[in-house]
Every structure is written in structure tokens, then in C-alpha cells.
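K.L.:
Before I ask anything, let me first share the structure, which is written out below as C-alpha cells.
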Amino acid sequence: MKSVSISGSLRANVGTKDAKALRRDNKIPCVLYGGAEQVHFTALEKEFKPLVYSPEVKLAELSIDGRSFNAILKEVQYHPISDKLLHVDFLEIVAGKPVTIEVPIKVVGNSPGIKAGGKLVQKFRKLKIRGSVENLPENILVNIDSLEIGGSIRVKDITAENLALLNLPNAVVLTIATTRNVATAATAEAAGAKKKK
């Protein structure tokens, strides 16, 4: 798994007024949970771009006033109108302690159903997994090579080594749906077969 380095400074004051002042200076208030103590700190907004605006899950190497922490992104808050970054929560990674995160799905392969005119309908963009940090992937590969029209892949069909998938096993992750063109062609074909009789 790739990592991103972020340098931060401890927050002197923790409160809404202080947070607004920090954001005016292009600094983002952050909290690090999961370790021996909660750490409240700030970092420049630009440092978050490779971590927050990425389709992959990445580790964060935090350097806060001379102390180093390994963490993963737990929650990000955005402004409801401007989508500007407002607050970031990190979860500290402790050796030997499993973590629960959401990992993006990456669809690979060529579906015969899509080649025949079907449409890929993806119900999940991410899956919730649990595992030790050394086993955490940047994404989960879902192969659609064998999917015909009407075929689907459920959570239980996905294998992720050394990881527990926490979504409902029977939940449909993606399916190859029939499109209007395919349905029309099938109807026309059926009508043609009847006429031949």
C-alpha cells in the first residue's frame, strides 16, 4: 500500500472559533484516534490532496511536532456547498491490531454480457473490510470475464486474502443488466422465429 507524508502542528485550542480561524489560513483541523491518546493537530490543506482526492486507499505517515504516527483516513468532512475540506479524522495503526476500513472496488476483465449489448450496473463503489495493515489493499479487484447478461457478482463471490469482508454476503456488488436495445433485439428475434413456424 502506498503512503502519503503529512506534516502537522499540535492545536493549542480546540473549538469552533479556533477551527474557523485555522481554515482561513488554509489549515485543516484534524484528530488522530486509536492510540494511547487523542491527538488534535492541523496541517496545510494542500498536503491532503494525494490522500483525500485519490481513488485508492493510502497510509498516512503523520509527523506532528517531532512525533511520528502511522494512520489511515477514517472520516473526512466537507463544506455542504463548496465541497471544501473542513475536518479530517485519522485512525492510528497499532501493530498487530486489525483495522476496519472501506476500500474501493476496481472492475477488471471483459464481460461477454457487455459485448452483447448489456450494461454494467455497479451497486457498490467500496467494500468494508477488516484486517491487519500489512494485508490492506489499495483496492479490491472484481473480475467480470465470466458475466453474461443478467449475471451478477455478490459479496460472497469475492475473495480477499487474509481479509474479512464485512458487507452482507448476499449483497449484489454489480450486475450486467439488459438494455433497451438488447430487449428490442430479443423481441424481434422471437417474433421472427414465430413467423418462420
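K.L.:
Evaluate the following for residue 127: is it modelled with pLDDT of 90 or more, more than 20 Å from residue 74 (Cβ to Cβ) and of a type in the set (A, V, I, L, M, F, W, C)?
P.N.:
Taking the combined requirement at face value, the residue does not satisfy it.
K.L.:
So residue 25 ticks every box in (1) touching a residue at least 60 places away in the same chain (Cβ under 8 Å); (2) surrounded by fewer than 14 Cβ atoms within 10 Å (Cβ to Cβ) but one. Which box is left unticked?
P.N.:
(1)
K.L.:
Still on this structure: Are any of the residues in segment 78-88 touching a Cys at 6+ places or on another chain (Cβ under 8 Å), touching a residue at least 12 places away in the same chain (Cβ under 8 Å) and surrounded by fewer than 17 Cβ atoms within 10 Å (Cβ to Cβ)?
P.N.:
For segment 78-88, residues touching a Cys at 6+ places or on another chain (Cβ under 8 Å), touching a residue at least 12 places away in the same chain (Cβ under 8 Å) and surrounded by fewer than 17 Cβ atoms within 10 Å (Cβ to Cβ): present.
K.L.:
When residues of segment 11-32 are filtered for being assigned to a loop (DSSP other than H, G, I, E, B) and among the β-branched types (Val, Ile, Thr), how many remain?
P.N.:
Selection size over segment 11-32: 1.
Matching residues to (1) modelled with pLDDT under 90; (2) touching a Ser or Thr at 6+ places or on another chain (Cβ under 9 Å):
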position	(1), (2)
88	no, no
160	yes, no
166	no, yes
185	yes, no
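K.L.:
Next question, about the same structure. Give, as residue ranges, the strands (runs of 3 or more DSSP E) completely inside segment 43-136 that count at least 1 residues that are within 21 Å of residue 173 (Cα to Cα).
P.N.:
99-108, 119-122, 126-131
K.L.:
Select, from 77, 38, the only residue that is of a type in the set (S, T, N, Q), within 20 Å of the chain's Cα centre (by Cα) and on the phi < 0 side of the Ramachandran plot.
P.N.:
77
K.L.:
Take the conditions touching an Asp or Glu at 6+ places or on another chain (Cβ under 8 Å), outside the structural domain of residue 140 (by TED's automatic domain parsing), of a type in the set (Val, Ile, Thr) and at pLDDT below 85 and apply them to residue 31. Does it pass?
P.N.:
No, not satisfied.
K.L.:
Same structure again: Just one of 35, 8 is within 25 Å of residue 134 (Cβ to Cβ), among the small types (Gly, Ala, Ser), touching a residue at least 12 places away in the same chain (Cβ under 8 Å) and assigned to a loop (DSSP other than H, G, I, E, B); which is it?
P.N.:
Criteria check complete, one pass: 35.
K.L.:
Of the conditions (1) out of contact with any Lys or Arg (no Cβ under 9 Å at 6 or more places or on another chain); (2) under 30 Å from residue 96 (Cα atoms), residue 16 satisfies every one except a single condition; which number is it?
P.N.:
Every condition holds for residue 16 apart from (2).
K.L.:
State which residue pairs qualify: first residue in the same structural domain as residue 173 (by TED's automatic domain parsing) and touching a residue at least 60 places away in the same chain (Cβ under 8 Å) and inside segment 107-124, second residue loosely packed, with under 15 Cβ neighbours inside 10 Å and of a type in the set (D, E, K, R) in any location, beta carbons under 8 Å apart, and separation of 6 or more residues or different chains.
P.N.:
111/145; 111/148; 113/148; 116/148; 118/148
K.L.:
Here is a further query. Identify, please: which residue in segment 5-19 is small (Gly, Ala, Ser) and over 12 Å from residue 30 (Cβ atoms) and is, among those, surrounded by the most Cβ atoms within 10 Å (Cβ to Cβ)?
P.N.:
For segment 5-19, the residue satisfying everything is 5.
K.L.:
Return the residues of segment 48-70 that are within 13 Å of residue 3 (Cα to Cα), out of contact with any Gly (no Cβ under 9 Å at 6 or more places or on another chain) and in contact (Cβ under 8 Å) with a residue 12 or more places away in the chain; say none if nothing qualifies.
P.N.:
Selection gives 48, 50, 51, 52, 56, 57, 58, 59, 60, 61, 70.
The values are calculated or read from the model by the stated rules, or taken from the named source; none is laboratory data. Here the structure is a predicted model, which means the values were calculated and not measured. With ideal geometry, Cβ positions are generated from the backbone for all residues, glycine too; neighbour counts draw on all protein chains shown.
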